[in-house]
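Heads up: the structure comes next, in C-alpha cells.
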Number of protein chains: 2
Amino acid sequence: MSTTIATSHNFPPAPPRNKRLSIGIIGSGNWGTAIAKICGENARAHGNHFRSKVRMWVFEEEIEYKGEKRKLTEIFNETHENVKYLPGIPCPSNILAIPDVREVTRKSDVLVFVVPHQFVDRVCEQMKGFVRPNAVAISCIKGVAVNKQGVKLYSEYITERLGIYCGVLSGANVANEVAREDFCETTIGYNPDLGTSVSAEMMVALFDRPYFSVAAVKDVAGVALGGALKNIVSMAVGFADGLEWGGNTKSAIMRRGLLEMQKFATMFFDSDPRTMVEQSCGIADLVTSCLGGRNNRCAEAFVKTGKSLQQLEKELLGGQVLQGAATAADVHELLTSRDLVKEFPLFTTVYRIAYEGMKPEGMIQVLQPPVEESENEFTTETNDD
Amino acid sequence: MSTTIATSHNFPPAPPRNKRLSIGIIGSGNWGTAIAKICGENARAHGNHFRSKVRMWVFEEEIEYKGEKRKLTEIFNETHENVKYLPGIPCPSNILAIPDVREVTRKSDVLVFVVPHQFVDRVCEQMKGFVRPNAVAISCIKGVAVNKQGVKLYSEYITERLGIYCGVLSGANVANEVAREDFCETTIGYNPDLGTSVSAEMMVALFDRPYFSVAAVKDVAGVALGGALKNIVSMAVGFADGLEWGGNTKSAIMRRGLLEMQKFATMFFDSDPRTMVEQSCGIADLVTSCLGGRNNRCAEAFVKTGKSLQQLEKELLGGQVLQGAATAADVHELLTSRDLVKEFPLFTTVYRIAYEGMKPEGMIQVLQPPVEESENEFTTETNDD
C-alpha cells in the first residue's frame with residue numbers, strides 16, 4: 001500500500017471557518033445520488049471542513065408521484081429521496097436538489113462529476129464561465145475515451161474544458177450496495193502536486209464513510225483506467241463461465257488481465273504499476289466485476305446461447321451498450337494503429353471473440369504461449385536411466 | 001511481470017547427452033500423481049534435456065483391484081494409472097512406480113517433493129545418505145511451518161535435512177483440474193544464484209505443459225507463503241459468504257488479505273512484494289480458493305450452521321484439518337510473540353472468529369479503520385452556504 005498518500009487516518013486540519021468548502025454534485029442518477037448521500041453525510045459530520053449544504057444538480061423531469069405529475073427536484077427536496085433513480089434510500093436533508101447546473105457551479109468549491117460519460121461535453125459547456133477560480137473537480141465517471149489518436153481520461157477532459165484541476169474516484173463500488181451502506185472500498189486518484197487548492201486529505205474526508213473506505217493515490221490515470229479496462233477482462237472471464245471452465249483457468253485469466261491493465265496504464269500514462277495490483281480501483285474492482293457484473297453475465301450468455309451481443313444488449317441490458325465490448329473495440333483500434341496488438345493478447349482476444357467470430361475456446365492458445373522446442377529433441381521413449 | 005526470470009519462452013540449451021537429468025517424484029497421492037504425469041510428459045517431450053524414465057516413489061499398499069489383493073506399485077506399472085489416488089487419469093508409460101524411496105533418491109538428479117507436510121520429516125530421514133551430490137529438489141508441498149520461533153518453509157527444511165538446494169512450486173492448481181488438463185498457471189520459486197547445478201530454465205522445461213503454464217521467480221519465500229496464507233484469507237471470504245455480504249465487500253476482503261500476505265512475506269523474508277500481487281502463487285491462487293475452495297466452504301458453513309469447526313472438519317473434510325484455521329492459529333501465535341498482531345488485522349480476525357468466539361459480523365470494523373474526527377467538529381446542521 002506504499003502508493004497511498006491519504007486515508008481516513010490522515011484527518012486534515014480544519015480551514016478557517018470562512019474557508020470551509022462548498023460541495024456541488026453534478027449528476028443525480030443511481031450512482032450520482034449514492035455519491036451525493038455520502039458527501040451530504042460527510043458535510044454534516046465534518047462541519048469544520050465543509051459547509052453543510054450540498055447542492056446536487058438534477059436534470060429536471062416531470063414524473064408521476066403519488067398520483068400527480070411533479071418535478072423531480074421538488075419531490076427530492078420534500079422527501080429527501082430520489083424516487084426515480086435511487087428509490088427506497090433516504091438521503092440526508094442537507095442535500096439540495098437544484099435544476100440549474102450554473103447555480104450549482106457558481107456556489108461550489110468542489111465539483112463532483114457523476115454523469116454518464118456521453119453527457120460530459122454538454123454539461124461542461126453549460127458550466128463554463130460559472131466556475132469558481134479556485135474550484136477543483138473530481139470525476140466519478142467510469143470509463144475513458146479511447147480512439148486511434150490515444151486515450152483521454154474524462155478528468156483530463158474536464159480540466160481542458162473548465163480550466164480546473166480534476167481528480168478521479170473509482171473502485172469496487174456497485175451503486176446499490178453503496179447506497180444500502182454495504183461495506184466497500186474505493187480509490188481516489190488525486191495529485192496535489194499539480195497546484196490544487198484542496199489537499200488529498202480533504203478529498204478523503206469528503207468521501208470516506210464507515211461503510212465506504214477511501215484511499216487516495218497520486219496516480220489519476222491508473223485509477224481511471226482500472227474502472228474502464230476491467231470490463232474487458234470480466235468479459236473474458238464471462239466467456240470462460242460460458243464454457244464452464246474451472247476456477248484455476250478463470251483465476252489465470254483474471255491475473256493475466258490485471259497485468260494487461262497494468263501494462264496499458266504504464267505504457268500510455270505515467271501510471272504507478274502498484275495502483276492496478278494493490279488498490280481497490282484495480283484488483284478489487286476487477287474481482288467484483290468477475291463475480292457476476294453485467295459484462296460477465298452477457299459474455300457468459302453470448303457463449304451459452306449463441307445470440308449476438310446486440311441481441312443480448314437488448315435482452316439483458318435494456319438496450320444499453322455493453323461497456324466491455326465497446327471498450328475492447330476502442331482499445332483494439334488504438335493498439336492496431338500503434339502496432340501493439342501482440343502486446344495485449346487477452347484484450348485482443350476479447351475483441352476478436354466479440355466482433356470477429358473467433359471461437360471462445362481459442363482463448364486457451366492465447367493464455368499459453370507455444371513452447372519453443374529446441375531443435376533435434378528426442379521425443380520417442382528411450383530405455384536409458 | 002518483471003519478477004519473472006524464466007518462462008517457456010526461454011527454452012534451455014540441451015546439456016551433453018550423458019548429462020541429461022533423471023527425475024524422481026517423492027510422493028504419489030492425488031497431487032503427486034498429477035505432478036508425476038506432467039514430469040513424465042516433459043521427460044518424453046524434451047529427450048535432449050531429461051532422461052525418459054521418471055521414477056515415482058509410492059508408499060506401498062495392498063489394495064483390492066479387480067477382485068484380488070495387489071500391490072499399488074504393480075498395478076500402476078501395469079496399467080499406468082494410480083487407481084487409488086487419481087483414478088481415471090492415464091499416465092505416461094515412462095513413469096515407473098517404485099516402493100523404495102532410497103532407490104528413487106539414488107537415481108535422481110531432480111527430486112520433486114509432493115508428500116503431505118507431516119511426512120516430510122520421516123521421508124527425508126529415509127533419503128539421507130542416498131542423495132546425489134549435485135541433486136536439486138523442488139517442493140510442491142503446500143504450507144509452511146509456523147510457530148512462536150518463526151516461519152520455516154518446507155524447502156528450507158529439505159535443504160537442511162538433505163544438504164541440497166530446494167525450490168518451490170505453487171499456484172492456482174486444483175489437482176483434479178490439472179490432471180484433467182484444464183488450463184492453469186503456476187509459479188516456481190527458484191534462485192539459481194544460490195549455486196545450484198540446474199538452471200531455472202530447466203525447471204520450467206520440466207513442469208511447463210500446454211495446459212500448465214509455468215513462470216519462475218527468484219522469490220522462493222513469496223511462492224511458498226502464497227499457498228499457505230491464502231487459506232486464511234479464503235476463510236475470511238467464506239465468513240462473508242455465510243453472512244451473504246455483497247461482491248464489493250468480498251473483493252475488499254480479498255484485496256486487504258492479499259496485502260497482508262504481501263506484508264507478512266516481506267516482513268519475515270526477503271520477499272519481492274510483486275510476487276504476491278502479480279504471480280499465480282499469490283493473487284490467482286487466492287482468487288481460486290475464494291471461488292469455493294474447502295476453506296471457503298467450511299467458513300461459510302461455520303457461519304450458516306453455527307456448528308464448530310471440529311464438527312465441520314468431520315462432516316465436510318472427512319476429519320482432515322482445515323488448513324486455513326490451522327494456519328491462522330500458527331500465524332497468530334507468531335504475531336503475538338512478536339507483538340505484531342495489530343499489523344495484521346484480517347489474519348487476526350480470522351483467528352478470533354475461528355477460535356475465540358468473535359462474531360463474524362465484527363470483520364467490518366476491522367476493514368474500516370475508525371475515522372479520526374478532528375476536535376470541535378460541528379456535527380449539527382447549519383444553514384450556511
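The values are calculated or read from the model by the stated rules, or taken from the named source; none is laboratory data. Remember, it's a predicted structure, so these values are computed and weren't measured experimentally. FYI the Cβ positions are ideal-geometry reconstructions off the backbone, even for glycines, and counts take in every protein chain you see.
Based on this model, can you work out whether B:ALA43 counts as touching a strand residue (DSSP E or B) at 6+ places or on another chain (Cβ under 8 Å), away from every other protein chain (no Cβ under 12 Å) and closer than 19 Å to B:ILE98 by Cα?
When the stated conditions are applied, B:ALA43 does not pass them.
Residues are listed down the side, and each one gets a yes or a no for (1) over 17 Å from B:ALA36 (Cβ atoms); (2) within 19 Å of the chain's Cα centre (by Cα):
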position: B:GLY167; (1), (2): yes, yes
position: B:ASN176; (1), (2): no, yes
position: B:PHE183; (1), (2): yes, yes
position: B:ASP193; (1), (2): yes, no
position: B:SER199; (1), (2): yes, no
position: B:ALA205; (1), (2): no, no
position: B:ARG209; (1), (2): no, yes
position: B:PHE212; (1), (2): no, yes
position: B:ALA215; (1), (2): yes, yes
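For segment A:91-104, which residues satisfy the criterion of being more than 14 Å from every other protein chain (Cβ to nearest Cβ) and in a loop (DSSP other than H, G, I, E, B)?
A:PRO99, A:ASP100
What tally of residues in segment B:208-225 results from selecting those that are in contact (Cβ under 8 Å) with a residue 40 or more places away in the chain, within 12 Å of another protein chain (Cβ to nearest Cβ) and not hydrophobic (A, V, I, L, M, F, W, C)?
Here the count works out to 3.
Residues A:GLY27, A:GLY88: which one is touching a helix residue (DSSP H, G or I) at 6+ places or on another chain (Cβ under 9 Å), surrounded by fewer than 20 Cβ atoms within 10 Å (Cβ to Cβ) and under 28 Å from A:ASP182 (Cβ atoms)?
A:GLY88
How many residues, within segment B:172-207, are among the polar types (S, T, N, Q) and more than 10 Å from chain A (Cβ to nearest Cβ)?
Residues that pass the stated criteria total 5.
Can you tell me which residue among B:ASN94, B:ASN77, B:ASN82 is under 25 Å from B:ALA137 (Cβ atoms), surrounded by fewer than 18 Cβ atoms within 10 Å (Cβ to Cβ) and in the same structural domain as B:ILE141 (by TED's automatic domain parsing)?
Result: B:ASN77 is the single residue among B:ASN94, B:ASN77, B:ASN82 that is under 25 Å from B:ALA137 (Cβ atoms), surrounded by fewer than 18 Cβ atoms within 10 Å (Cβ to Cβ) and in the same structural domain as B:ILE141 (by TED's automatic domain parsing).
Within the group A:ILE23, A:ILE5, which residue is within 12 Å of another protein chain (Cβ to nearest Cβ), closer than 20 Å to A:VAL168 by Cβ and either modelled with pLDDT under 95 or not in a loop (DSSP other than H, G, I, E, B) (or both)?
Of A:ILE23, A:ILE5, the one residue that is within 12 Å of another protein chain (Cβ to nearest Cβ), closer than 20 Å to A:VAL168 by Cβ and either modelled with pLDDT under 95 or not in a loop (DSSP other than H, G, I, E, B) (or both) is A:ILE23.
State whether one or more residues within segment A:252-271 are free of Cβ contacts under 8 Å to residues at least 60 places away in the same chain and in a loop (DSSP other than H, G, I, E, B).
Looking for residues that are free of Cβ contacts under 8 Å to residues at least 60 places away in the same chain and in a loop (DSSP other than H, G, I, E, B), one finds at least one in segment A:252-271, hence yes.
Out of all the residues in segment B:115-135, which are in contact with a strand residue (DSSP E or B) (Cβ under 9 Å, 6 or more places away or on another chain) and part of a loop (DSSP other than H, G, I, E, B)?
Scanning segment B:115-135 gives B:VAL115, B:VAL131, B:ARG132, B:ALA135.
Would you be able to tell me the number of residues in segment B:274-317 that are in contact (Cβ under 8 Å) with a residue 24 or more places away in the chain, within 14 Å of chain A (Cβ to nearest Cβ) and not charged (D, E, K, R)?
Residues meeting the conditions: 16.
Yes/no per residue for (1) crowded, with 17+ Cβ neighbours inside 10 Å; (2) closer than 22 Å to A:VAL287 by Cβ; (3) at pLDDT 95 or above:
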{"position": "B:GLN279", "(1), (2), (3)": "yes, yes, yes"}
{"position": "B:SER308", "(1), (2), (3)": "no, no, no"}
{"position": "B:VAL321", "(1), (2), (3)": "no, no, no"}
{"position": "B:LEU335", "(1), (2), (3)": "yes, no, yes"}
{"position": "B:PHE344", "(1), (2), (3)": "yes, yes, yes"}
{"position": "B:TYR351", "(1), (2), (3)": "yes, no, yes"}
{"position": "B:VAL366", "(1), (2), (3)": "yes, yes, no"}
{"position": "B:VAL371", "(1), (2), (3)": "yes, no, no"}
{"position": "B:THR379", "(1), (2), (3)": "no, no, no"}
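Restricting attention to segment A:50-71, does a residue exist that is touching a residue at least 60 places away in the same chain (Cβ under 8 Å), within 11 Å of chain B (Cβ to nearest Cβ) and not β-branched (Val, Ile, Thr)?
yes
Which of the numbered conditions does B:ASP193 fail, given that it passes all the others? Conditions: (1) surrounded by fewer than 16 Cβ atoms within 10 Å (Cβ to Cβ); (2) outside any helix (DSSP H, G or I); (3) among the charged types (D, E, K, R).
Result: B:ASP193 fails condition (2) only.
For B:HIS49, work out the one condition from (1) over 17 Å from B:ILE138 (Cβ atoms); (2) crowded, with 19+ Cβ neighbours inside 10 Å; (3) more than 26 Å from the chain's Cα centre (by Cα) it doesn't fulfil.
Looking at each condition in turn, B:HIS49 falls short on (1).
Yes/no per residue for (1) in contact with a Leu (Cβ under 7 Å, 6 or more places away or on another chain); (2) in a helix (DSSP H, G or I); (3) surrounded by fewer than 20 Cβ atoms within 10 Å (Cβ to Cβ):
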| residue | (1), (2), (3) |
| --- | --- |
| B:ALA137 | yes, no, no |
| B:LYS142 | no, no, no |
| B:LYS152 | no, no, yes |
| B:ILE158 | no, yes, no |
| B:ASP182 | no, no, yes |
| B:SER197 | no, no, yes |
| B:LEU206 | no, yes, no |
| B:GLY222 | no, yes, no |
